[in-house]
Amino acid sequence: MGLMSLLSELSVLVGEAFAAEGLDPAHGEVVVSQRPELAQFQCNGAMAAARVVGAPPRELAGKVASRLGAHPHLAAVDIAGPGFINLTISDDWLAAVTQRAVDDPRLGVPASSEPSTVLVDYGGPNVAKAMHVGHLRATIIGDSLARLFSFLGHKVIRDPHFGDWGLQMGLVMAEIERRRPELAYFVPEFTGPFPEEPPVTLEDLQEIYPVAAARAETDPAWAERARLMTVELQQGRPGYVALWQQMKRVSEESQRADFARLGVEFDLWYGESDVADRMEPLVRRLLEQGVAEESRGAVIIRVDQPGEKRELPPLILETSLGGYLYSTSDLATIEMRVDDLGVDLALYVVDARQSDHFEQLFRAARVAGIAPPEVRLEHIKFGTMNGKDGKPFKTRAGGVVSLSDLIDLIETAASARLAEAEIAEGYPEAERKAIARQVGVAALKFGDLINNRASDYIFDLDRFSSFEGKTGPYLQYGAVRIRSIQRRAAGRDLPTGPILPPVQAADRELMLELARLPEIMGRAAELRAPNHLAEYAFVLASAWNRFYDHCHILDEADPSRQASWLSLAHLTLRALTLLLDLLGIEVPERM
RNA sequence: GCCCCCGUAGCUCAGAGGACAGAGCAGGAGCCUUCUAAGCUCUUGGCCGGAGGUUCGAAUCCUCCCGGGGGUACCA
């Protein structure tokens, strides 16, 4: 039996008391108290249980409480209100629990007893487009979830799933053709060799794509041309494939650089085109099986089952021109992920606006038998990042803000803040730059991840770069303060020692906060909600900062108390560093 | 029209059916001869969009309404 968390142990304890009364031990679930001035923990089960047996809740709570009263781990057991059982644990036990975390490389967080293969599909860059603010959320939420599931013992596969095979390719190619029809790529019978150098730079593509997208709106004939070019690319026309490969290379270069600045790495670098070979056989098979059908010249799968509450249009697999869509590649990608990668759980970290698409896609995957029932497919949806005006975040000129510009903005703000701080003055220039980068990225990521992912949120550079209060840098600052103490303690050869029972509110509360780590991680994973990690990291850092203020470790006269506090500081740093790592945030040595 | 998401303090946002609804910022009052003040302490501020319902108990679940956003067959 592995380590149990404090809350699970308490729940077992109270559950046994319920069982002794002939009731379901599940009623014994213990949670952190909502009324800290009354108790540390509470159990609400007596009210529900009382209903089952038809007894007065307070009376039942009293019976359970009297069975718990003498337990050596508990310092106080009270009944309050309609039948709350309030619990306060003994300081001795709290110290023992904290010591257990100190001795555990996993800080008391158990690894999953049923490890799965979890694929996280996030980032979603498109060929021909540099990443912009819209990619920020997908990237950092997905990255955080990937890190969390990995820490919890799952096999995680990170895949950005490039958009590289759809109509956007035809649109861009058609626009390049319009401007430079003489290029070899467009000569019908020519099969190469084609020029080594791409005919377009990333800047060109940046300019071309929006123009092409707009032209498709106003010029139907031209749009048709783009569709046709898409189909011909998918069918392997040499000139288009050559051009496509060059555009892809140019785009990927900048995207990898953006991901690198955010400290995000992937295990696979797959895109839609990587399942190109599967699409045609898949569509044919589904037609043969009668799962797919022809309708209005296209091949579709109807996804409305009898009894389905949500009506949805069919999923289109093949256009009337014979082209494939992202629906097709998404379905083929599910097949690949299930058959070749053995995925148990796939998390699609994609904008909430695509929820209909994923509902259609997942239903289609079920009816087609591509995803067996035991494979879980989930759309991890998130809201839009808006500007101060509540509308999608734009530059002053009204353009889309590129991801690298956004990172520049926040790093510049961090540099400015650093320049104001007298303590940073003596640092070498290189270190100051590194700190500005780490602080900037921390502010950006934490500012995003602290929000519930489902809601839209407002990005306000001034607020994000104040670096005070509930921000990424606040957490880094807390951790850095511990490092500073550690350096000084090492300089004076001060040892760490066994955790002693707390002597005041500040160290007791820090220990209590640390004991919540396992439940927080479990909940964050279950809800796929990094904001629970972020919120807890802030609460823990606050508890540390209070402790820092009230308990002066280096001045402590009692050597064993000092050694205990040093251990507590070490543990806090490990917990903070771990949490920040799960949020994708680095901790500087000093700042 | 239909479907999905969101309306919580001046602002930005949390909130696991439970006890008087929380945080950060902003506003007010304090704390640097002591481990980094990017910090700490205290404080002002809310009929949780509205109306019903379920429940011992609802910001949380259900229904309707109002307001905002998004999506709705060959874009991603």
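Just so you know, all these numbers are worked out from the coordinates, no wet-lab data involved. None of these values were measured; they are calculated from a predicted model. Every residue, glycine as well, gets a Cβ built from its backbone with ideal geometry; the counts of neighbours run over all protein chains shown.
Highest-first packing order for the peptide set A:344-351, A:256-263, A:170-177, A:6-13 is A:170-177, A:344-351, A:6-13, A:256-263, based on the mean count of other beta carbon atoms within 10 Å. When Rg and Dmax are taken over the Cα atoms of region A:212-283, they come to 15.6, 44 Å. Of the trypsin sites (Lys or Arg not before Pro) found in region A:366-401, the ones in coil according to DSSP and having at most 10 other Cβ atoms within 10 Å of their Cβ are A:R396. Enter the angle in degrees (range 0 to 90, nearest 10) between the Cα long axis of helix A:530-550 and the first principal axis of the Cα atoms of chain A, meaning the one along which they spread out most. Result, in degrees: 40. With one equal scatterer per alpha carbon and no solvent term, the Debye-computed log10 I(q)/I(0) for region A:100-157 at 0.13, 0.17, 0.22, 0.24 1/Å reads -0.47, -0.66, -0.85, -0.92.
With helices as the sole contributors, chain A gives -17000 deg cm²/dmol at 222 nm; each DSSP H run of n ≥ 4 counts as -39500 (n - 2.57), and the sum is divided by every residue. Each residue of chain A gets 199 Å³ once the volume of the Cα convex hull is shared out per residue. In region A:485-544, a dipole from Cβ-located charges (positive for Lys and Arg, negative for Asp and Glu) runs towards its positive end, and of A:F538, A:I520, A:Q486 it is A:Q486 whose Cα lies farthest in that direction.
The A:S113 and A:F190 beta-carbon pair, evaluated with R₀ = 45 Å, returns a calculated FRET efficiency of approximately 0.15.
With angles folded into 0 to 90 degrees, how steeply does helix A:517-526 sit against the dominant principal axis of chain A? Use alpha carbons for both and round to 10. For helix A:517-526, the angle is close to 30 degrees.
Note: relative contact order over region A:350-418, using C-alpha pairs below 8 Å and six or more positions apart, is 26 percent. Across region A:412-505, the volume of the C-alpha convex hull divided among the residues equals 163 Å³ per residue. The H on the amide N of A:G123, modeled in the peptide plane, is under 5 Å from the matching H of A:T139, each at least 5 residues off or on a different chain. Checking every one of the GluC sites (Glu not before Pro) in region A:507-591 against DSSP loop status and a limit of 14 other Cβ atoms within 10 Å picks out A:E589. The distance between label points at A:R488 and A:D92 comes to 3.4 nm (points 7 Å beyond Cα on the Cα→Cβ vector).
Divided by 2.2 N^0.38 Å, where N counts the residues, the Cα radius of gyration of region A:497-591 comes to 1.14. Across chain A, C-alpha contacts under 8 Å between residues 6 or more apart give a mean separation that, scaled by the residue count, equals a relative contact order of 15 percent.
Phi-derived couplings, Karplus 6.51 cos²θ - 1.76 cosθ + 1.60 at θ = phi - 60°, listed residue by residue for region A:15-21: x, 5, 5, 5, 4, 5, 8 Hz, with x used for Gly and Pro. Converting phi to 3J(HN,Hα) with the Karplus coefficients 6.51, -1.76 and 1.60 and the offset θ = phi - 60°, region A:35-44 yields 10, x, 6, 9, 6, 8, 9, 8, 10, 9 Hz in sequence order, with x at every glycine or proline. Global size of region A:30-153: 22.7, 69 Å for Rg and Dmax (C-alpha atoms, Rg to one decimal, Dmax whole). Once the Cα atoms are used to define both axes, helix A:220-234 deviates from the longest principal axis of chain A by about 80 degrees. Of interest is the spacing of the C-alpha centroids, which for region A:49-108 and region A:413-442 amounts to 47 Å. Note on chain A: dipole from Cβ charges, positive end direction compared against A:I79, A:G170, A:G108; the farthest Cα belongs to A:I79. Pairs of Cα atoms nearer than 8 Å and 6+ residues apart set the relative contact order; for region A:434-552 it is 33 percent. Rounded to the nearest whole Hz, the Karplus-based 3J(HN,Hα) values (6.51 cos²θ - 1.76 cosθ + 1.60, θ = phi - 60°) of region A:482-487 follow the sequence 5, 4, 4, 4, 4, 4, with x at glycine and proline. Hydrodynamic estimate: the Kirkwood radius of region A:71-130 over Cα pairs, inserted into Stokes-Einstein at 20 °C and 1.002 mPa s, corresponds to D of 129 µm²/s. Around the amide H of A:E318, modelled in the peptide plane, lie the amide H atoms of A:V299, all under 5 Å away and 5 or more residues distant in sequence or on another chain. Between amide H atoms placed 1.01 Å from N, distances below 5 Å from A:S295 occur with A:I300, all of them 5 or more places distant or on a separate chain. Extending 7 Å from the Cα toward the beta-carbon at both A:R396 and A:E280 defines two label points whose distance is 5.4 nm. Listing A:H161, A:H73, A:H532 from fewest to most neighbouring C-beta atoms within 10 Å gives A:H73, A:H532, A:H161.
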